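Take a look at this one; I'll ask things after.
Readers should treat all values here as calculations from the given coordinates under stated rules, not as data from a laboratory. Quantities reported herein were computed from a predicted structural model and do not represent experimental measurements. Here the Cβ positions follow ideal geometry from the backbone for every residue, glycine too, while neighbour counts run over all protein chains shown.
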Amino acid sequence: QVQLVESGGGLVQPGGSLRLSCATSAILFRPNVMGWYRQAPGKERELIAKIPNIGIPVYADSVKGRFTISRDNTKNTVYLQMTSLKPEDTAAYYCYASAASTYWGPGTQVTVSS
């Protein structure tokens, strides 16, 4: 059973930065794609960034230039560096990892507020 665990969420002021991490538990799990979705209250879940095992990352227009996704395959971990945060970035952030199946983390809350 593959489990994902996010960390790094919290409360930050507008213009601030946060770094999210998501680690997988299965040693032999080699996901093709890892990424991040977010969901704000009353809104649909939104794909904000994904990174393949080989290839270039893809970003939603809403975060392009502010967020950076990266992964460490030796640790089966994906990161999301978020800068220039805005109140509209407030949401629950979920990581995922896809191989033959797709696995999800439980989510971590990011709140951008003064």
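Could you please find all residues in the range 28-38 being surrounded by fewer than 21 Cβ atoms within 10 Å (Cβ to Cβ) and either in a strand (DSSP E or B) or touching a residue at least 40 places away in the same chain (Cβ under 8 Å) (or both)?
Filtering the range 28-38 for residues surrounded by fewer than 21 Cβ atoms within 10 Å (Cβ to Cβ) gives 28-30, 32-33.
Within the range 28-38, Phe29, Arg30, Asn32, Val33 qualify.
Considering only strands (runs of 3 or more DSSP E) fully contained in the range 39-114, which possess at least 2 residues that are in contact (Cβ under 8 Å) with a residue 12 or more places away in the chain and within 12 Å of the chain's Cα centre (by Cα)? Give the steps one after another, and end with the answer.
Values: elements: 46-52, 67-72, 77-82, 91-98, 102-104, 108-112.
Per the criteria, 46-52, 67-72, 77-82, 91-98, 108-112.
Hey, can you tell me all the residues within the range 62-114 that are among the acidic types (Asp, Glu) and more than 15 Å from Arg19 (Cα to Cα)?
First, pick out the residues of the range 62-114 that are among the acidic types (Asp, Glu): 72, 88-89.
Correct list: Glu88 only.
Here is a further query. Inspect all residues belonging to the range 21-36 and state whether any of them is closer than 19 Å to Gln109 by Cα and out of contact with any strand residue (DSSP E or B) (no Cβ under 6 Å at 6 or more places or on another chain).
Within the range 21-36, none of the residues are closer than 19 Å to Gln109 by Cα and out of contact with any strand residue (DSSP E or B) (no Cβ under 6 Å at 6 or more places or on another chain).
Here's a follow-up. Given the residues Gly15, Gly42, Gly10, which is the only one that is closer than 17 Å to Ser113 by Cα, out of contact with any strand residue (DSSP E or B) (no Cβ under 7 Å at 6 or more places or on another chain), surrounded by fewer than 21 Cβ atoms within 10 Å (Cβ to Cβ) and not acidic (Asp, Glu)? Talk me through it step by step, then tell me what you get.
Details: Gly42 fails: closer than 17 Å to Ser113 by Cα; Gly10 fails: out of contact with any strand residue (DSSP E or B) (no Cβ under 7 Å at 6 or more places or on another chain).
None of the others qualify; the one that does is Gly15.
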